[in-house]
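These notes concern the structure reproduced below.
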Amino acid sequence: MPQKAGSEITVWADATRVPGVKAYQKAHPDVKLKIVTYSGDANGANDLQTKVQLFDRTGSGWPDVAFTANVNDGTWASQGKTPYAAPVSQDIIPKTTLSGFADGALDPCVFNGKTYCVRNDLAQNVLWYNKKLMDSFGYTVPTTWEEYQALGEKVAKEHPGYLVGTAGDSYAPEVYFWASQCPASTVTSGKKVTVNLEDPKCTRMAKLLDGLIAKGSVSKDTVFSAGFVKNKAAKVLMLPGPSWYGQVLFNSTFKTPKGRIAAAAPLKFAGDTTNYTGNVGGGLWFVSSHSKNLKAASDLVTWMTTSNDYQATAGTYPAYKTAATAWLANQATTGYFAGDIGPVLQQAAERVWPGWSATQYSQEAIYASTVVPALNSGKSLTGTLGDWQTAITDKAKSLGYTVGR
């Protein structure tokens with residue numbers, strides 16, 4: 001696209017990111033910006049793709065920069081005759097900048113060896129726990145899934161009603177099954193994907209959760225339901241979950257008092273060498289291949305993702321390593337947590353298992369519509385693996401994937 005220096009750029013972002021874009025505008029008054037607030041593709045929406053398809057047909061209207069909360073959006077934005085997303089690794093954003101992101105952070109952006117987006121934040125999972133409760137019960141924080149299971153059984157017996165996890169969240173597969181290295185969707189090339197929920201690394205996690213659900217220490221509810229917040233929030237002893245749980249869930253939603261919540265390293269099965277973890281979200285920024293001002297567009301995206309001015313006080317864990325260090329220092333100054341969560345979150349950021357791929361379909365939507373209703377009707381996770389496998393396979397095939405086992 002022929003470039004026009006100094007031309008206005010249009011930025012699409014969600015309400016959470018707009019103050020950051022405005023802060024960029026204030027720091028760069030010479031840049032002409034038009035800011036449009038939209039859903040940000042939150043909760044699996046596909047507004048950006050729908051609009052881009054329309055602009056592709058009419059031949060104009062593409063935003064120069066777009067934020068999306070859907071970590072899978074790169075799967076379509078990087079494809080087609082003229083992909084919406086510009087390959088930022090091709091002299092648009094310097095390699096030195098791209099190499100500053102956490103290991104694996106840009107994986108959802110890489111297609112055919114080119115990088116088509118940059119990551120805003122990470123949502124790596126850790127083991128959150130209530131230190132005050134753990135200490136008062138005399139329990140030790142587990143380091144393996146086997147220890148977690150044993151403690152879950154103990155809790156059910158000694159302190160009925162207290163919880164060590166939840167299986168009713170739409171993103172539960174990304175917390176438990178991703179950490180277990182379950183090949184629920186591993187893209188092998190282009191649009192070829194392996195889906196095998198009968199793999200022992202899937203069945204071991206299903207069995208573990210089934211046992212704790214039966215005993216009552218893992219809830220079938222979601223942490224964000226009104227009933228859970230009202231009746232169960234104070235009874236959460238441990239909760240494997242994303243980095244944003246600290247402030248968003250425990251502080252803002254559960255209103256857990258300060259000095260109680262701590263974070264421990266992701267768990268591993270005793271026989272595994274590495275404590276891999278999963279990831280729940282983490283937004284992306286695109287620079288449009290149709291932009292007439294790639295310089296301004298890429299500068300904005302670079303600032304939004306790497307600048308301490310914005311990222312150090314953002315609500316979520318920055319994907320850019322030096323920004324993450326500043327963010328963690330800021331978390332420490334809030335005094336909310338029972339100890340320093342920094343080392344645990346930094347280690348987990350580099351431990352996201354690479355075998356769970358970004359796809360055009362949402363694992364969360366499939367789990368919510370197939371598995372959660374089955375659990376609520378009394379079925380086990382183990383007994384639902386077949387239906388879950390079929391649901392993923394059917395959805396993948398409908399989107400043009402070749403599915404293997």
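The values are calculated or read from the model by the stated rules, or taken from the named source; none is laboratory data. Quick caveat, the model's predicted, so the values are computed rather than measured. All Cβ positions, glycine included, derive from the backbone under ideal geometry; neighbour counts span all protein chains shown.
Odds and ends about this structure:
- Test for Ala348: is it among the hydrophobic types (A, V, I, L, M, F, W, C), over 18 Å from Asn196 (Cα atoms) and part of a loop (DSSP other than H, G, I, E, B): no
- Qualifying residue in the stretch 295-303 (condition: crowded, with 19+ Cβ neighbours inside 10 Å and touching a Leu at 6+ places or on another chain (Cβ under 9 Å)): yes
Residue-wise test of (1) closer than 24 Å to Thr384 by Cα; (2) part of a helix (DSSP H, G or I).
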| residue | (1), (2) |
| --- | --- |
| Thr188 | no, no |
| Val193 | yes, no |
| Cys202 | yes, yes |
| Met205 | yes, yes |
| Ala214 | yes, yes |
| Phe224 | yes, no |
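- Looking only at residues of the stretch 317-334 that are touching a residue at least 40 places away in the same chain (Cβ under 8 Å) and under 10 Å from Thr306 (Cβ atoms), we find that the one that is surrounded by the fewest Cβ atoms within 10 Å (Cβ to Cβ) is Thr322.
- If the condition is being crowded, with 18+ Cβ neighbours inside 10 Å and of a type in the set (D, E, K, R), then the stretch 380-396 contributes only Lys395.
- Residues being out of contact with any Lys or Arg (no Cβ under 7 Å at 6 or more places or on another chain) and closer than 14 Å to Leu106 by Cβ - total across the stretch 271-286: 4
- Residues of the stretch 55-98 that are of a type in the set (Val, Ile, Thr) and either in contact (Cβ under 8 Å) with a residue 40 or more places away in the chain or closer than 18 Å to Gly113 by Cβ (or both): Val65, Thr68, Val71, Thr75, Thr82, Val88, Ile92, Ile93, Thr97.
- On the stretch given as the stretch 269-301, residues that are in a loop (DSSP other than H, G, I, E, B), farther than 17 Å from Pro318 by Cβ and not small (Gly, Ala, Ser) total 9.
- Qualifying residues in the stretch 151-174 (those that are under 28 Å from the mean Cα position of the chain (by Cα) and among the aliphatic types (A, V, I, L, M)) - the one surrounded by the most Cβ atoms within 10 Å (Cβ to Cβ): Ala172
- Pair list, Cβ < 6 Å and 6+ apart or interchain, from the stretch 251-275 residues that are at positive phi to residues that are at pLDDT 95 or above: Gly259/Ala338
- Test for Pro183: is it out of contact with any Leu (no Cβ under 6 Å at 6 or more places or on another chain) and either outside the structural domain of Phe254 (by TED's automatic domain parsing) or not small (Gly, Ala, Ser) (or both): yes
- The stretch 104-126, residues that are more than 15 Å from the chain's Cα centre (by Cα) and either among the charged types (D, E, K, R) or not assigned by TED's automatic domain parsing to the domain that holds Trp62 (or both): Lys114
- The set of residues in the stretch 206-227 being surrounded by fewer than 21 Cβ atoms within 10 Å (Cβ to Cβ) and touching an Asp or Glu at 6+ places or on another chain (Cβ under 9 Å) consists of Gly211, Lys215, Asp221, Thr222, Phe224, Gly227.
- Evaluated against (1) at pLDDT below 95; (2) farther than 20 Å from Lys292 by Cβ, Ala23 falls short on exactly one condition, (1).
- Test for Val52: is it in contact (Cβ under 8 Å) with a residue 24 or more places away in the chain, surrounded by 13 or more Cβ atoms within 10 Å (Cβ to Cβ), part of a loop (DSSP other than H, G, I, E, B) and over 23 Å from the mean Cα position of the chain (by Cα): no
- Residue in the stretch 110-129 that is in contact (Cβ under 8 Å) with a residue 12 or more places away in the chain, in contact with a helix residue (DSSP H, G or I) (Cβ under 9 Å, 6 or more places away or on another chain), part of a helix (DSSP H, G or I) and of a type in the set (A, V, I, L, M, F, W, C) present: no
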